[in-house]
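Structure record follows, encoded as structure tokens.
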Amino acid sequence: MDRLHTVITVVSAAFFVLFAAPLVFRGILNMGNATGILVFGLLLYYGICYKRVHTFLGNIWQKRGGKVVLVCLTVLCVCVLVTAAVETVCIVRSALHRPPENTTAVVLGCSVKGERPSRILEERLEAAYDYLEQNPEAFCVLSGGQGPGENISEAECMYRYLTERGIASERLILEDASTTTEENLKYSAALLEERGIGGDITIVTSEFHEYRANQVAERLGITSYSTPSHTFFVYLPTYYVRELYGILYYMIR
């Protein structure tokens, strides 16, 4: 095995393990890690059996229809990579769009394990806590309904977490009916309007989710900024890739 294929094998194996870890240790399986497992599994196979792969592709290339298939697959791969790169730039730029002081925060919910926040929700709550500590005049909407396997609503879970950390309950507004990002923002905006709290908002969510959340806010006529949380590195690739699908679906829809 030459140096290039050794590098491909080692890098592919590392990413394969990284995408498989959420499934193995937490039972998490979604479009993100399924894609990562498939792609890096194929690259790992190529790195180990590249001579066999080259022979197979060479045989296909000798056939007229085979050339068409391989060219189409190459174009498709290039389109996928370009799309992913553009979406990644949008994600990074949106995560860096920080708010003015004391902008009203809206924390987007995530799954609750019984009555405790999941790892990702806890990361968002840590970001919300830091923001509210640094902006003592800011109000905060905690947005998220109750889903399967959740003994309480996501909003209630977030409320308990932040008040236990010392955030005054008077600053927190519970929105416990939403089940999607669009509903999070739509219902939160309605609650703020009812209470006479106007102005812009800063969306507190995972860094990979900020772009799509801000796009939804813009479509709803809401001026928004970003206060991103930082996702545990083992989970980040899985949810980042899943979010690429989510952004593409949102754009097409």
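Just so it is clear, none of the values below were taken in a lab; they were calculated from the coordinates. Since this is a predicted model, take the numbers as computed values, not measurements. Heads up, the Cβs are rebuilt from the backbone with ideal geometry, glycines too, and the neighbour counts pull from every protein chain shown.
Once the Cα atoms of the stretch 13-141 are picked out, what are the Rg and Dmax in Å?
Final numbers for Rg and Dmax: 22.3, 70 Å.
Taking the Cβ-Cβ separation of Glu182 and Arg119 as r and a Förster radius of 41 Å, what is the calculated FRET efficiency to the nearest 0.05?
It comes to 0.95.
For the chain, what does the convex hull of the Cα positions come to per residue, in cubic angstrom? Mind showing how you got there, number by number?
Numbers: hull volume 36.6 nm³, N = 253.
Per residue, the Cα convex hull of the chain comes to 145 Å³.
Which of rounded, prolate, oblate describes the stretch 104-252, given a ≥ b ≥ c as roots of the alpha-carbon gyration tensor eigenvalues and a/c under 1.5 marking rounded, otherwise prolate only if a/b is larger than b/c? Before the final figure, lay out each step's value.
On the way: a/c = 1.43, a/b = 1.12, b/c = 1.28.
Rounded shape, in that the Cα axes give a/c under 1.5.
Expected output is a single nm value to one decimal: the length gained when fully extending between Arg165 and Phe25, i.e. 0.36 nm times separation in residues minus the C-alpha distance. What is it?
Working: separation 140, 0.36 × 140 = 50.40 nm, distance 2.89 nm.
Roughly 47.5 nm would be gained on extension.
Counting Lys and Arg as +1 and Asp and Glu as -1, each charge on the Cβ, what is the dipole of the chain about the Cα centre in debye, to the nearest 20? Show your work: numbers first, answer last.
Details: 22 positive and 26 negative charges, 388 e Å.
So the dipole magnitude of the chain works out to roughly 1860 debye.
In degrees between 0 and 90, to the nearest 10, how far off the longest principal axis of the chain does helix 31-48 point, with axes built from Cα atoms?
30 degrees
Could you tell me which of Gly196, Ser224, Gly109 has its Cα farthest along the dipole of the stretch 104-252 towards the positive end, charges placed at Cβ (Lys, Arg +1; Asp, Glu -1), taken about the Cα centre?
Positive-most Cα among the choices belongs to Gly109.
Can you give the net charge of the other residues whose Cβ lies under 11 Å from the Cβ of Asn33, counting K and R as +1 and D and E as -1?
Details: positive: Arg26, Arg242; negative: none.
Combined, the nearby Lys, Arg, Asp and Glu give +2.
For the stretch 99-111, in order, what is each residue's ³J(HN,Hα) by Karplus, 6.51 cos²θ - 1.76 cosθ + 1.60 with θ = phi - 60°, in whole Hz (x at glycine and Pro)?
x, x, 4, 6, 5, 4, 9, 10, 8, 7, x, 8, 4
Please tell me the relative contact order of the stretch 3-95 in percent, rounded to the nearest whole number, where contacts are Cα pairs under 8 Å and at least six residues apart.
27 percent
Sorted from fewest to most neighbouring beta carbons within 10 Å, what does the list Ser188, Ser206 look like?
Values: Ser188 27, Ser206 24.
Fewest-to-most ranking of Ser188, Ser206: Ser206, Ser188.
In terms of the Cα gyration tensor, with a ≥ b ≥ c the square roots of its eigenvalues, is the stretch 77-145 rounded because a/c is under 1.5, prolate because a/b exceeds b/c, or oblate?
Values: a/c = 3.20, a/b = 1.48, b/c = 2.17.
It is oblate, given that a/c is not under 1.5 and a/b is not larger than b/c.
Cut-off under 19 Å on the C-alpha distance; same-chain residues fewer than 8 positions from Lys186 excluded. Which aspartates and glutamates are left, in chain and number order?
Counting by Cα, and skipping residues close in sequence, Lys186 has these aspartates and glutamates nearby: Glu154, Glu156, Glu175, Asp176, Glu194, Asp200, Glu210, Glu218.
Please compute the modelled spin-label separation between Leu38 and Ser111, points set 7 Å along Cα→Cβ, answer in nm with one decimal.
Reported label-point gap for Ser111 and Leu38 is 2.1 nm.
Suppose every Lys and Arg Cβ carries +1 and every Asp and Glu Cβ carries -1, with no other charges. What dipole size does the stretch 3-95 come out with about its Cα centre, to the nearest 20 debye? Present the calculation step by step, with values, prior to reporting the outcome.
Details: 8 positive and 1 negative charges, 74 e Å.
Approximately 360 debye in magnitude.
Using only Cα atoms, find the angle between the long axis of helix 50-61 and the longest principal axis of the chain, and express it within 0 to 90 degrees, rounded to the nearest 10.
Compared with the principal axis, the helix lies near 80 degrees.
Tell me whether the stretch 66-187 comes out rounded, prolate or oblate; compute the Cα gyration tensor, take square roots of the eigenvalues as a ≥ b ≥ c, and use a/c under 1.5 as the rounded threshold.
prolate
Roughly how tilted is helix 154-164, in degrees to the nearest 10 and between 0 and 90, from the longest Cα axis of the chain?
The angle comes out at about 60 degrees.
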